[in-house]
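Following: one structure in structure tokens, then a few remarks.
The values are calculated or read from the model by the stated rules, or taken from the named source; none is laboratory data. What you are looking at is a predicted structure, and each value in this text was computed from that prediction instead of being measured. Glycine gets a Cβ as well: all are built from the backbone with ideal geometry, and neighbour counts include every protein chain shown.
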Amino acid sequence: MEFKDYYAIMGVARDATQDEIKRAYRRLARKYHPDVSKERDAEARFKEVGEAYEVLKDPEKRAAYDQLGANWKAGQDFRPPPDWDQGFAFHGGGFTRDGASQFSDFFESLFGRGFSTAGHGHGGFRARGEDVHAKVVIDLDDAFRGATRALTLKATELGADGRPRVRERTLNVRIPKGVREGQQIRLTGQGDPGRAGGDAGDLYLEVAFRAHPFYHAEGRDVYIDLPVAPWELALGASVTAPTPAGPVSLRIPENSKEGGKLRLKGRGIPGTPPGDLYAVLKVTLPPADSEAARVAYRELQRQLDFNPRARLGV
């Protein structure tokens with residue numbers, strides 16, 4: 001079977017610290033999580049990274065793996081040493097939803113179908129639970145004011161009969177004021193449960209904003225397309241514009257252009273510093289749906305003699 005270089009899969013050195021391994025796992029888990037990744041082989045890579053982390057995060061399994069030495073190369077045909085099973089006995093969990101092992105043949109040839117207990121004088125095998133990554137969709141208003149949202153999570157676990165089952169739990173998650181799209185909220189101890197008394201992992205929620213009819217956010221800055229009449233652009237005007245914090249008065253300068261931006265400093269998503277709000281000017285033409293309107297348009301045409309395509313040479 002193919003030898004798996006778990007250090008290469010994680011992108012860390014063989015002498016990497018546990019913190020470096022944890023950081024590498026979090027980065028790769030976010031990159032390849034099947035729910036969010038656009039990578040073609042995301043699911044396979046996510047599973048491969050999870051297997052590598054399962055070995056390298058635990059001192060006992062890592063030490064056992066390191067006994068293979070540095071002579072093994074990725075892709076080389078691998079057979080466990082003849083005396084490999086003397087001193088390392090890991091049995092138990094490690095299942096996917098359909099009950100199959102979630103690990104490769106290489107992993108199982110080293111540790112068996114799981115690893116919830118240790119042998120040969122090590123006593124109970126404690127292992128920290130996996131960190132869990134999920135997405136939470138909120139309204140833009142929640143970022144301005146903060147909120148609490150109920151989140152239902154599903155997790156697969158082994159029942160008393162040894163069969164996998166789906167367990168649901170509901171968490172009341174506090175959305176902090178000033179949160180940005182793409183930011184992660186960490187809930188300590190709300191990830192997968194630990195094994196044999198080990199600590200539970202953490203839950204990382206990636207924030208996404210629900211589509212809004214008026215606004216969209218870029219970082220902490222917020223943008224709104226502001227409809228204006230042609231004469232308001234040409235002559236200047238004071239208009240009222242909505243913002244997430246309430247309506248404000250805006251002054252449109254004379255001879256403004258379509259697509260011009262009016263900046264409201266500090267009116268974006270709260271923070272240190274707060275973002276800005278930009279009103280993007282969008283011309284809206286009055287409809288020619290009455291004889292009076294058509295007369296007005298004809299008079300405007302006669303008075304201005306305006307060719308909007310002059311700059312195109314036609």
Does residue 218 meet the test of being surrounded by 10 or more Cβ atoms within 10 Å (Cβ to Cβ) and of a type outside the set (Phe, Trp, Tyr)?
yes
Residues located in segment 16-56, provided they are over 18 Å from residue 202 (Cβ atoms) and either in contact with a Cys (Cβ under 6 Å, 6 or more places away or on another chain) or exposed (fewer than 13 other Cβ atoms within 10 Å of the Cβ) (or both)
17, 34, 38, 40, 41, 44
Options 26, 40, 14, 45: the member that is over 17 Å from residue 107 (Cβ atoms) and part of a helix (DSSP H, G or I):
26
Flag if residue 115 is part of a loop (DSSP other than H, G, I, E, B), surrounded by 14 or more Cβ atoms within 10 Å (Cβ to Cβ) and either at pLDDT below 75 or outside the structural domain of residue 29 (by TED's automatic domain parsing) (or both):
yes
Considering each of 246, 178, 182 in turn, give the residue that is in a loop (DSSP other than H, G, I, E, B) and without any contact (Cβ under 8 Å) to a residue 24 or more places away in the chain.
246
Before we move on, is residue 13 within 30 Å of the chain's Cα centre (by Cα), more than 18 Å from residue 204 (Cβ to Cβ), loosely packed, with under 12 Cβ neighbours inside 10 Å and at pLDDT 90 or above?
yes
For the list (1) in contact (Cβ under 8 Å) with a residue 24 or more places away in the chain; (2) not acidic (Asp, Glu); (3) not assigned by TED's automatic domain parsing to the domain that holds residue 263, I need the number of the one condition that residue 188 fails.
(1)
